[in-house]
1. What does the accessible area of THR51 come to, in Å² to the nearest 10, when a probe of 1.4 Å is used?
2. How much FRET efficiency would the formula 1/(1 + (r/R0)^6) give for SER202 and SER165, where r is the Cβ-Cβ distance and R0 is 25 Å, rounded to 0.05?
3. Using alpha carbons only, how many angstrom separate the centre of segment 73-99 from the centre of segment 162-226?
4. Per residue, what accessible area does segment 35-89 have, given a 1.4 Å probe and all protein chains present, in Å²?
5. Can you tell me the length gained on complete extension of the stretch GLN95 to SER219, counting 0.36 nm per residue apart and subtracting the Cα distance?
6. Excluding same-chain pairs closer than 8 in sequence, count the lysine pairs in the chain whose Cα atoms lie under 19 Å apart.
7. How high is the FRET efficiency from ASN75 to ASP107, r the C-beta distance, R0 22 Å, rounded to 0.05?
8. Could you pull out which residues in segment 86-127 have an amide N less than 17 Å from a spot 7 Å beyond the Cα of TYR48, following the Cα-Cβ vector?
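The values are calculated or read from the model by the stated rules, or taken from the named source; none is laboratory data. Computed from a predicted model, the values in this text were never measured in an experiment. Ideal geometry is used to build each Cβ from the backbone, glycine not excepted, and the neighbour counts take in all protein chains shown. For the accessible areas, the whole protein counts, side chains as well, though only heavy atoms, and no ligand, DNA or RNA atoms are used. Shrake-Rupley method; radii C 1.70, N 1.55, O 1.52, S 1.80 Å.
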Amino acid sequence: MMKLQCSILIKLLTFHVLAVLCASQQFDFFYFVQQWPGSYCDSKQCCYPNTGKPASDFGIHGLWPNYNDGSYPSNCDPQSQFDPSNISDLTSRIQEEWPSLACPSSDNLNFWSHEWVKHGTCSISNLDQHDYFAAALNLKEQLDLLQVLGKSGIHPNGEVYDLGSIKDAIKQGTGYTPWIECNRDESGNTQLYQVYMCVDTSGSNLIECPVFPHGKCSSNIEFPSF
Ligand code: 5GP
Ligand code: 5GP
């Protein structure tokens, strides 16, 4: 009798553990990453897309699923390829907001495909291909970083700004603390390269970041023109 009860208990426990594992989130939050084209192009060779020079504005780099411990999943479904016909209703918005600056010049499809395969496939439990790209575009439209920075007198004019005031301006304008990634121009000056904001697993709402990436800018950074 005791043996029978134990085996039922073990089965119930196994079922419970499996159920928890299956229902668990495949990621904890997203980083929404925007790049400053001036800092991409003055640090290495860059090429404009076939459609011409992008606007002097932040562009989308990606929407990256992440774990709360700072690690992240990548390339989660080798079977899932990027198919532009899935996002045909988003074409004009995505061409404008998510330009590729890598060389050689392209129609941007390689960049979007890379982002889908590396990152988008890891949030497919929440967002299919169309909704993944739509979520990134909606976030970009919700987050006008250039306007937010401009309101605090921070402009892409080659001047040097205090890193703290850049963060404060974004926090004040959006309600959330950004993480800033820097790179260096050809003369070695540290400059504002990418802005990371955190987003909940629906891909729609900004949140405070559970964890920030590693790395540090200096306390004064350049904001180059583009
Ligand atoms: P890097 O080594 O230049 O910082 O990053 C190279 C690439 O790795 C990024 O473009 C992105 O695809 C991925 N990556 C780097 N850091 C993170 C991170 O903290 N979270 C996620 N999800 N991806 C990252
Ligand atoms: P990550 O793995 O860093 O998310 O994506 C970077 C990859 O996308 C690199 O292979 C890079 O060559 C390509 N790529 C294409 N266009 C761009 C661009 O405008 N910015 C960045 N950072 N990478 C781009």
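1. Per-residue accessible area (THR51): approximately 110 Å².
2. Values: r = 31 Å, r/R0 = 1.25.
Efficiency computed from Cβ-Cβ geometry: 0.20.
3. What the calculation gives is 25 Å, centre to centre.
4. With the other protein chains kept in place, segment 35-89 gives 52 Å² per residue.
5. 41.3 nm
6. Taking the Cα cut-off of 19 Å, the pair count is 10.
7. Numbers: r = 23 Å, r/R0 = 1.05.
It comes to 0.45.
8. Taking a point 7 Å out along Cα→Cβ of TYR48, the residues of segment 86-127 whose backbone N falls under 17 Å are 95-108.
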